[in-house]
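The values are calculated or read from the model by the stated rules, or taken from the named source; none is laboratory data. Treat the numbers as computed from the prediction; the structure is a model and nothing was measured. Positions of Cβ are generated from backbone atoms using ideal geometry, with glycine treated the same way; all protein chains shown enter the neighbour counts. For the accessible areas, the whole protein counts, side chains as well, though only heavy atoms, and no ligand, DNA or RNA atoms are used. Shrake-Rupley method; radii C 1.70, N 1.55, O 1.52, S 1.80 Å.
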Amino acid sequence: MAAGQGRGSAALVAGLLLLCLLLPAADAAAKTYIVGDDAGWSKNLETTWLAGKTFYAGDVLVFKYNKEHHDLVMLGGKGYQRCQVPRHSSKSRVMRTGNDAVTLRRGNNYFICGEPGHCKNNMKLAVKAW
């Protein structure tokens, strides 16, 4: 009977070790990014700034911008595609501090500048978080 218990314990330990190897480390998962780096929240970030980056749920994006000329709108996919800030939506949030931090959720995260004409001039960002 002791031999059977030993094999079961060994399988349990092996399973736990495998699980630990497959799970990402907590500090490796949460990173903070300054959107646009030194240029800040600006136009054409999808073609330049996003290149080569992989984002995960829990990562933080910091949007730095001149609050006299821009804002940050977090919204759903339809509003993003249309460059329209929904009037009444639980999916949208308008921020105007000039230094806004957003924690990414798993899936697609959409951001635009809500000032007239800015989104249509490519001041928008779609980020997929794993």
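Taking LYS91 as the anchor, which lysines have their alpha carbon closer than 24 Å to its alpha carbon, excluding any fewer than eight residues away along the same chain?
Result set, ordered by chain and number: LYS31, LYS43, LYS64, LYS67, LYS78, LYS120, LYS124, LYS128.
In segment 32-96, which trypsin sites (Lys or Arg not before Pro) fall in coil by DSSP and have 11 or fewer other Cβ atoms within 10 Å?
LYS53, ARG87
Count charges around ASN99 for me, please; just the other residues with Cβ under 10 Å from its Cβ, Lys/Arg as +1, Asp/Glu as -1.
Here the charged neighbours net out to +1.
Order ILE112, ILE34 by their accessible area, 1.4 angstrom probe, all chains in place, largest first.
Greatest to least solvent exposure: ILE34, ILE112.
Quick one: accessible area per residue over segment 42-92, 1.4 Å probe, rounded to a whole number of Å²?
63 Å²
Based on alpha-carbon positions alone, could you give the equivalent ellipsoid semi-axes of segment 38-130 from the gyration tensor, as √(5λ), descending, whole Å?
Over the Cα atoms of segment 38-130, the ellipsoid semi-axes are 18, 16, 13 Å.
Per residue of segment 37-50, in order, report the coupling 6.51 cos²θ - 1.76 cosθ + 1.60 (Karplus, θ = phi - 60°) as ³J(HN,Hα) in whole Hz, putting x for Gly and Pro.
Once θ is set to phi - 60°, the couplings for segment 37-50 become 6, 5, 6, x, 5, 8, 6, 6, 5, 5, 8, 10, 5, 5 Hz.
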